[in-house]
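Undergrad: Attaching a single structure in structure tokens format; questions to follow.
Computed from the coordinates by the stated procedures, all read-outs in this text should not be read as laboratory data. Note that the structure is predicted; figures quoted are calculated from it, not measured. Every residue, glycine as well, gets a Cβ built from its backbone with ideal geometry; the counts of neighbours run over all protein chains shown.
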Amino acid sequence: MWLLLKKKTEMPRYTYFCYSCDKTWDARRPMGFIPDRCKYCEGKTIDRVPSSFIKIAKEATEEDRKVGEVTKEYIEAARQDLKKEKQELKAVEYKSDD
């Protein structure tokens, strides 16, 4: 987690929830620190909300795709090419040289 921070001096950001007023807020605090009062209502019934890491959705580029996906696409394209070629060869009439 510390590797994701821009500066070593920057504190991690946590989200807190107050059960008294049902509000949430973000704060930069040292690990393990829980404020003793809500910043909105001064209530004492607060807890840290578990955080999750998210990846911001973006359009997939060739580099972002997994190897398995690229392989499947290549195999399917080759399969379609072979099918087309097979149909073309069936349509050709062969004559013997005899």
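Undergrad: How much net charge surrounds K83 when only other residues with a Cβ under 13 Å from its Cβ are counted (Lys, Arg +1; Asp, Glu -1)?
TA: 0
Undergrad: Using a cut-off of 11 Å between beta-carbons, work out the net charge of the residues near S20 (Lys and Arg +1, Asp and Glu -1, S20 not included).
TA: With Lys, Arg at +1 and Asp, Glu at -1, the neighbours total +1.
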